[in-house]
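Participant: Below you will find the structure I want to go over with you.
The values are calculated or read from the model by the stated rules, or taken from the named source; none is laboratory data. Small disclaimer: the values here were computed from a predicted structure and weren't measured. In this analysis, Cβ positions are derived from the backbone assuming ideal geometry, glycine residues included, and neighbour counts consider all displayed protein chains. Only protein heavy atoms, including side chains, enter the accessible area calculation; ligands, DNA and RNA are left aside. Shrake-Rupley method; radii C 1.70, N 1.55, O 1.52, S 1.80 Å.
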Amino acid sequence: MAPPRAGRAADELLFYVNGRRVVEKNADPEQMLLPYLRKGLRLTGTKYGCGGGGCGACTVMISRYEPITKKIIHYSANACLIPLCSLYGAAVVTVEGIGNTKNRIHPVQERIAKSHGSQCGFCTPGMVMSIYALLRNETEPRSEQITEALAGNLCRCTGYRPIIDGCKTFCKESFCCQNKENGGCCANQEECFSLLPNKEKKNMAENQAVRTLTFHGERTSWISPVTLKELLDLKAKHPQAPLVVGNTSVGPEMKFKGVFHPLLISPTRVLDLHVVEHTDNGLILGAACSLTVVKDVLSDAVSKLPVEKTKLFRALLQQLKTLGGQQIRNVASFGGNIVSRSPTSDINPILAAGGCILNVASQGRRRQIPLGDLFADGLGNNTLEPEEVLMSVWIPHSRKVSSPSSIHLFPPHFLHHGKRRENALPIVNAGMRVVFGEGSDIIRSLSIFYGGIGPTTLAAKQTCQAIIGRLWDEEMLDEACRRVLQEMHISSSAPGGKVEYRRALVVSFLFKFYLEVLQSLKIMYPSRYPDIPENYASALQHFHTEMPQSMQKYQDVEAGQPPQDPVGRPVMHQAGVKHATGEAIYCDDIRAVDEELFLALVTSSKAHAKIVSIDASEALMMPGMVDIISVQDVPATNEFYNYDVPDIVFAREKVTCVGQIVCGVVADSEIHAKRAAAKVKIEYEELEPVILTIEDAIAHNSFFEPQRKLEQGNVDEALKRADHVIEGEVRTGGQEHFYMETQSVLVVPKGEDKEMDVYAATQHPACVQEMVASCLGISENRVMCHVKRVGGAFGGKFLKASFLACITAVAANKTGHAVRCVLDRGTDMLTTGGRHPFLGKYKIGFTSSGKILAVDIDVYINAGCTPDDSILVTEVLLLKMDNAYKIPNLRAHAQACRTNMPSNTAFRGFGFPQSGFGTETWMTRIAVHCGLSPEKVREINMYKGNERTPYKQEINSENLLRCWNECMEKSSYRARREAIEEFNRKNYWKKKGIAIIPLKFPVGFGARALGQAAALIHLYIDGSVLLTYGGIEMGQGLHTKMIQVASRELKMPMSDIHFCETSTTTVPNACGSGGSLGTDVNGMAVKAKEAFDQSINLSATGYFRGYEADIDWEKGEGHPFEYFVFGAACTEVEIDCLSGDHKNIKTDIVMDIGRSINPAVDIGQIEGAFVQGLGLFTKEELKYSPEGVLYTRGPDQYKIPAICDVPERFSVSLLASSQNTTAIYSSKGVGESALFLGCSVFFAIREAVAAARRERGLPEDFALTSPLTPERLRLACADQFTEMIPKDGNKPAAPWAISI
C-alpha cells in the first residue's frame, strides 16, 4: 500500500554527523539511524547488537537545540531505535567523531583501553559513547552516575570490572588507576569534551525548521508538525496513525512484530507537549517530555520541596532509575509510556494510585481524565479516543503526614523481569495508596493497582472497597491478601508464565505496603501502634546498585627478566585502542562489494513436520528481490556426517525443529531481503512424535550414538557399606551464547577457477573452508577463509558459523554476486542453539563423617535435532564430573538426547559447568544429611597429594589445596560466616548466605589431532615482522599473547611485530580456537625454535603437533588431558525473601594458572567467565512454547548479567610460584575454567534460602534448579503468603512455557 502523501512533496533532511553537515534527499521513515551510519556514511564503529535498544552496542550521542531554554542538550541514544527522519536539525556524534588513532584519541577511549576494558571489543564503542555523553553533561560525574550511564550497555566478555575501572577515573572522588611510567597519566592530559565547534552550534539553532516537515519512504510517510492545531488536525484526519516521540514502543512493534503503519506522526517539535509547570498543588509535565527530563524535574522538586509533599515524586523517581537503560530514558516519552497501557509499564500503577490527571485534546475539545480511569475495565481500551492527543500529566503533591488524612504510596521499584534489578521489564509491579479518616486510623479509601497481571495495569477495586472502614491491622492484611488473590486472578496458562511467582508477588507487595504504612502510623500515633518487629525492618530496605570495588593480584615477573621482555607483564590488548575508537574491523564492517546482495533466512515454524510445499511467488514480486536459495541449489554436500545422523545445511523434505533453515531469500538490501523472506509461505504436514524435553527423549528412547560410560571400583558393594544413601535429580537449563556480534559471513566469488573468498565470524576457518568446498563440490584450495577478529564466540561459532557460510556460499554460487548474511539477534538465538540442558539422576553413598564412598549416576543432555558436538560434550562431562573430589567408586553413564529442538553446540566449559554443578549439589546435600558445613564436606573429599582420577590419569593436587586455603584466608570465610549467622538471626525477610567452591579443570581435548597448530613468520628487509598463525582472536587476547611470545623469541619489540589476519591461505588445516588451548598450541607453534633459527630464510614456519592425549572408552582409562587448572571462589549474597531478588555482595577468587603470559588478559578472562557463569546459574533462562518455539529471542526477554549483577567487592588473585612445565612458558589456559565458579553465587543463595527455611521450620534438604531465578528463590522461601496462593489442581493441557 502506498503511503499517504498528505499533499506535500518530501522535504530534505538536514542534520550533522561528527560535525559534518548531512543532507538526505530521500529520507525513509522506516530507516533507523544505525543502518544509515553503517551503510550510508560508512561509520561502522557503531555496532549492531540486538536492534531493540537492549544492549547499548549502537550507542551514539545526540545533540539538539532546545528552543525553550535556548541551549543545546546532549544525550546518549540507541541508534537502532532512532528514526532517521526524527533527526532534523540535530547533531549526531559517533565513536569515530570523538577520537581516532590517526589524530588523537579521546580520554574515554584511552582509559577504557588502558584499563583492559575491552576483550572482543564489540561492545566497547557503545560503552565509550555512553560515558562520553555523560561527560558532556557532567565533567566530574559521581560514581552512581557512571553506573547509571552504563546500565543500558551489555558486555559478554569482561565481567564489567575493567570497564568500570576505566570509567571511574573520571569521578571527582576517584583516582586514575594507570601508572605514570610511560610519559604520564592520561588523567593529566587536556580533556576536550566539546566536539561541535561554535559555528555548528550556531547553525543548529538557525536550522530548526519552524514549518511542518514531511518525508516519504517506500511504504510509509512521516509528518512532523510544529503547532498543536496542526497536530490535532492530523490526528482528526488520520486517527489510527501513531504518534512517535522516542520510538521505543512503535519502533520495536514495527521491527519485531511486523506491525505496519502507512503514516507516522512525530509531535516532538510541538512545544505545548514539552511543558514543565509547577503549580500550588502539584506538577504538570508535558507528554513529550523524555523520561530523563521527567526524572530531572522530579529530582529538582524533591530537593526543593518539603518531604511530605514529594512522596509521589520519590516513588516515581525510584521507578525511573531502573526503567530501561539511560539511552532508552533519554528518548522515551512520558506520555508514550502512559498511553501504551502496557502491562509492564513501570509508572502507570504509581500514577494511577497517586491520583494523577491526564490533560487530553482533540480538534475543538479539551478535557481531563483521572489516569486510573484508563484501566477501569482491565482491558486498557477505555477513555482515550483515537483522535485524542495526551497533552500533559498533572502529578499532585502528597499531603502532610501531620494532617488529618494520610496518603502513603508504595513504589515497587525493586522487582523487574526476574532477571535483573535494572534495565529489565517487570514481572509484577504495583502502586498503592491509603487515605485515613480525619483524626483516626480508619481506612477511608484505598487504591491498589498492579502491573504484570493482565493485559494492562489492573485496579483491585473490589478488594479496596471491602477494606474501607477497617483498621490497619493484621486482620485487615489477611483479608486483603485473600481478596486480592481472588480478584487479581492469573490463569495457569497466562502469557509470561511464572504464575505462582506472580501470585506470590501480589501478596508480598501488599505486605510490604502494609509494613510501610504501619511504620508511618507509628509515627503519627505512637501509643496506638506497636513498633514493627525489629527483624521485619529489613523488609522495607531495597537493594541498590553500588559501583563495584575490585582488587586484582598479579604475579611478579621472574627475577632477572629483561625489561624489554614482555612475557608475564600486563600488556594492553593489542587492539584495545582500536576497539575503543571503532576502528577495529569485524566481519560486517567490511565495505560492500560492487553489486553485493544480502541473504535472509526462512526458518521452520514447526518442530517436526513434512514440508508439503514452498510458495515463493509473493516473495519473488517484492521490491529488490533477486532469488530463492534452497536445497535444490546445493551443488554437492547438504548433509554432513560425523555420526550416524547428519548435520544439515538446508532442510530436505522435512523439518526437525522450529528454527531449522528451510531456504534463503537473496535481495539487493537487508530490508528487502527480510521483507521478501516474510512472504515465503511453507505448508507443513505435522509428524509425530514431537520430542522436546529430556523426559520426552527418555520416554521415546531417543538418543544419539555412541553413548558413553565411566566406571571405577565396585559401586554396588560400596553403597551397601555406606552409612547413608541419598537419591535425587539435578537439573541445569540451557544458555544462549549471546556473543555481541551475531553470526556474520560475506562470500565473494573471485570470478575465475571457482575461487571464493569467505569472510566469516568463525572460530574455525579450516572447517569453514572444508565445508564450503564440500557443499559446492570444489576442492578446498579454491576456498579462502579470512578472519580478522570475532566479536565474541564462546563456542557458538564453530559448526554454526560453518553452516551459515555454506548457505551464503550457495547463494553466491547461484547468483554470481557477492552475498552477505548477518543474522539479526532474534534469528541468531532461534537457529543456533546453545549450552545443553542437563539432567542427572544420582544415588550417592557416604559415611556419617561426610566421606563419599560411591556415586551411581545417569546423566542426560538435550542435544537437539542433530549431533553437532554433543557426543564430545557427554565425554567431557563424564571425564570432568569429579571436579575437585576423590570418588573411589563411580558408575556414570551419559547420553545425548535426540530431540526436536535446535541443535545445541559447544559452549565455554563444554559440559563441565553442568556436571560440576551436579557434583556440588550432592556435596551440599551430604552436608545437610551429616549436619556438617558444606565446606567441611568439600575439604574431606578433596584430592590430596598425588592421586588418580576415575580415568586413571595422575593428578598432583598441591595447588588445588593451596587455592582453597588461600581463598579461605583471603575471603575471611569463617569470620564472615559467623557474621552472616548473626545477620540472619536479626532479619526475617532478608537473609545472607556464603559459599566457597573448589575447581579442578582439566585442559585438553582428549585427542592429539585436536590440538595441532602452525605459525608463519615473515621477516621484512626493514626489520619488521608479519606474524600469522591459525588461532582466532575473539576476545581472549590471543593475538596480544602471541606477539608477546614472538617478541621474546625474536628479541625484538612488540611494536615491530604485526598480525594481519587468520587465513587458510597462509596457515592451512589449523584446528579451531577453543577449549582454553588457543595460547597453548599457537604459542608453541610461534615459539618453535627451528623456525627462528633459519636466519638466512626471511620466511619461516613453526609447527606444534599437539599434546599427547588419549582415552580408551572401552576400558574407561587414558591420559585425555595435558594438565589441570585449579582454583576456588567464595561468594557472599543477600536475598529478599519477599521478592526473590538478591544482591552479590562479595566474591574472592584464587586461580592457579601457572606462569601467566599476560596477567591483565588472564584476570580479565577469569572475571568475564565468572560473570558469564553467574548468568548461567542465577539469571539466564530460556523459555519455549509447548510447540518448541523459543520465546526469549533478545535482551528484552533474555537477561545476561549487567553491571548491577557484578559483586560489589570483586577480588581475583593469581596463585604465586605456580608452574606448569608442559605448556608455553609454564602458563595455563584459563579461558573456560572460571565460568564454573559462578555457581558459588548459586550455592551462596541456597545457603541464604536454607536459613530462611530453617527459621520457618521447613526442611533444609530441598531441590533447587539452575538457573536459580528470583521466581525459584521466592517460592523456595515458603511462608504464610506462599501458603495463600491458590494451587492449580488440574494442570492445563498447554501451559504458556515448558522447561527444556
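Participant: Counting pairwise Cα distances across the range 431-554, what percent come out greater than 26 angstrom?
Facilitator: The share of Cα pairs beyond 26 Å in the range 431-554 comes to 34 percent.
Participant: Using Cα pairs closer than 8 Å and at least 6 residues apart in sequence, work out the relative contact order for the chain, in percent.
Facilitator: Once normalised by length, the contact order is 11 percent.
Participant: Rank these residues by their accessible area, most exposed first, probe 1.4 Å: D28, D828, D594, D1196.
Facilitator: Final ranking, largest accessible area leading: D594, D1196, D28, D828.
Participant: Related question: Using only Cα atoms, locate the centre of the range 972-987 and the centre of the range 1225-1300, then give the distance between them in Å, rounded to an integer.
Facilitator: Each part reduced to its Cα centre gives a spacing of 21 Å.
Participant: Another question, if that's okay. Any idea of H489's accessible area? Nearest 10 Å², probe 1.4 Å.
Facilitator: 130 Å²
Participant: Then there's this: Grab the DSSP H runs of the chain that are 4 residues or longer, score each as -39,500 (n - 2.57), total them, divide by all residues and round the 222 nm result to the nearest 500 deg cm²/dmol.
Facilitator: Computed ellipticity for the chain at 222 nm equals -8000 deg cm²/dmol.
Participant: Using the Karplus equation 6.51 cos²θ - 1.76 cosθ + 1.60 (θ = phi - 60°), what ³J(HN,Hα) coupling, rounded to whole Hz, does each residue of the range 1256-1262 give in order, writing x for Gly and Pro?
Facilitator: 8, x, 9, x, 8, 8, 9
Participant: Tell me, what is the percent relative contact order of the range 450-589, built from C-alpha pairs under 8 Å that lie six or more residues apart?
Facilitator: Relative contact order of the range 450-589: 14 percent.
Participant: With a 10 Å radius around each residue's Cβ, average the other Cβ atoms per peptide and rank 540-553, 1158-1171, highest first.
Facilitator: Highest to lowest by the protection proxy: 1158-1171, 540-553.
Participant: Right, another one. Would you tell me the accessible area of R444, worked out with a 1.4 angstrom probe on the heavy atoms of the protein chains, in Å² to the nearest 10?
Facilitator: Only protein atoms counted, so the area is about 110 Å².
Participant: Considering amide H positions built from the backbone, and no H for Pro or chain starts, which residues 5 or more places from G864, or on another chain, come under 5 Å of its amide H?
Facilitator: Amide H to amide H, under 5 Å and 5 or more residues apart or across chains, G864 pairs with T899, M901, N904.
Participant: Which entries in the list K674/K1041; K168/K255; K679/K1183; K553/K944; K321/K797; K235/K255 go over 29 Å, if you measure between the two C-alpha atoms of each?
Facilitator: Pairs exceeding 29 Å: K674/K1041; K168/K255; K321/K797.
Participant: Mind running the shape call on the range 464-622? Use the C-alpha gyration tensor, a ≥ b ≥ c as the square roots of the eigenvalues: rounded below 1.5 for a/c, prolate if a/b tops b/c, oblate otherwise.
Facilitator: Oblate shape, in that a/c is at least 1.5 and b/c is the bigger or equal ratio.
Participant: Roughly how much of F798 is accessible, in Å² to the nearest 10, using a 1.4 Å probe?
Facilitator: In the full protein context, F798 sits at about 40 Å².
Participant: Let me ask something else about it. Suppose accessible area is computed on protein heavy atoms with a 1.4 Å probe; arrange E711, E1049, E438, E978 from highest to lowest.
Facilitator: Output order, biggest surface exposure first: E438, E978, E711, E1049.
Participant: So what are the ³J(HN,Hα) numbers for the range 314-327, from phi and the Karplus equation (6.51, -1.76, 1.60; θ = phi - 60°), rounded to whole Hz, Gly and Pro as x?
Facilitator: 5, 4, 5, 4, 4, 5, 5, 5, 10, 7, x, x, 4, 4
Participant: Can I ask one more? Which peptide among 614-624, 857-867, 646-656 comes first, and what is the full order, when sorted by highest mean count of other Cβ atoms within 10 Å?
Facilitator: 857-867, 646-656, 614-624
Participant: Using the alpha-carbon centroid of each, what span in Å lies between the range 1116-1159 and the range 240-284?
Facilitator: 47 Å
Participant: Given H placed on each backbone N at 1.01 Å, which residues far from I1145 in sequence or on other chains put an amide H within less than 5 Å of it?
Facilitator: E1132, V1133, E1134, E1208
Participant: Distance between the C-alpha centers of the range 562-597 and the range 651-720? Whole Å please.
Facilitator: 37 Å
Participant: What shape does the range 1204-1300 take by its C-alpha gyration tensor, where a ≥ b ≥ c are the square roots of the eigenvalues and a/c under 1.5 counts as rounded, a/b above b/c as prolate, and the rest as oblate? Working shown, then result.
Facilitator: Numbers: a/c = 3.52, a/b = 2.15, b/c = 1.63.
Prolate, because a/c is 1.5 or more and a/b exceeds b/c.
Participant: Follow-up. For K814, list the aspartates and glutamates whose Cα falls under 18 Å from its own Cα; do not include residues on the same chain fewer than 8 positions away.
Facilitator: D594, E595, E596, D627, D633, D668, E752, D753, E755, D757
Participant: Across the range 10-162, how many lysine pairs, 8 or more apart or on two chains, come within less than 27 Å at their alpha-carbon atoms?
Facilitator: Counting lysine pairs in the range 10-162 gives 7.
Participant: Quick one: Karplus J couplings for the range 511-528, per residue in order, coefficients 6.51, -1.76, 1.60, θ = phi - 60°, nearest Hz, x for Gly and Pro?
Facilitator: 5, 4, 4, 4, 5, 5, 5, 4, 4, 5, 5, 4, 5, 6, 10, x, 7, 7
Participant: Moving on. Tell me which lysines have Cα within less than 17 Å of K843's Cα, excluding those fewer than 8 residues away on the same chain?
Facilitator: K709, K720, K851, K886
Participant: A follow-up question, please. As an exercise, use a Förster radius of 51 Å and the Cβ-Cβ distance of D716 and H542 to find the FRET efficiency, rounded to the nearest 0.05.
Facilitator: Result of the calculation: an efficiency of 0.45.
Participant: Please compute the modelled spin-label separation between T847 and S933, points set 7 Å along Cα→Cβ, answer in nm with one decimal.
Facilitator: Result for the modelled spin labels: 2.1 nm.
Participant: Here's a follow-up. I need the calculated FRET efficiency for the pair E1208 and V435, taking r as the beta carbon distance and R₀ as 35 Å, to the nearest 0.05.
Facilitator: After rounding to 0.05, the efficiency reads 0.35.
Participant: Taking amide H positions as placed in the peptide plane 1.01 Å from N, state which residues far from Y1123 in sequence (5 or more) or on other chains have amide H under 5 Å from it.
Facilitator: Correct list: V1003.
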